[in-house]
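Trainee: Please find one structure pasted underneath; my questions will follow.
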Amino acid sequence: MKFVLEVTVDEGAQGQERAGELGRILRYWGGNLHHYALEPGDGSAVYDSAYQEVGAWRVVAS
């Protein structure tokens, strides 16, 4: 099984701002994983702090 996470962070933001936003996105994503069986086919959109879709994650068979 393989986990794939793709996130696009605002390229116009400064380094620290980008790092902070990515950290928040990853914490939110990680905190919600318990809602899924984490089997191939599971996945969901990923949102930033403004609740804009910035990517997605999915579980795929290896």
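The values are calculated or read from the model by the stated rules, or taken from the named source; none is laboratory data. Worth saying up front: this structure is predicted, and the values here are computed from it rather than measured. In this analysis, Cβ positions are derived from the backbone assuming ideal geometry, glycine residues included, and neighbour counts consider all displayed protein chains. Accessible surface is based on the protein model in full, side chains and every heavy atom, while ligands, DNA and RNA are left aside. Shrake-Rupley method; radii C 1.70, N 1.55, O 1.52, S 1.80 Å.
Trainee: Of all the strands (runs of 3 or more DSSP E) wholly in the chain, which have at least 1 residues that are exposed (fewer than 12 other Cβ atoms within 10 Å of the Cβ) and acidic (Asp, Glu)? Talk me through it step by step, then tell me what you get.
Mentor: Working: elements: 2-7, 43-47, 53-60.
Here the list reads 2-7, 53-60.
Trainee: Right, something else. Restricting the first residue to region 36-62 and requiring it to be within 30 Å of residue 17 (Cβ to Cβ), which pairs with a second residue that is among the hydroxyl-bearing types (Ser, Thr, Tyr) and open to solvent by less than 70 Å² (accessible area, probe 1.4 Å) meet a Cβ separation below 9 Å and a spacing of at least six or different chains?
Mentor: 36/44; 56/44; 57/44; 58/44
Trainee: Condition first: in contact (Cβ under 8 Å) with a residue 12 or more places away in the chain and among the basic types (Lys, Arg). Can you find one or more residues in region 7-18 that meet it?
Mentor: The answer is no, given that none of the residues of region 7-18 is in contact (Cβ under 8 Å) with a residue 12 or more places away in the chain and among the basic types (Lys, Arg).
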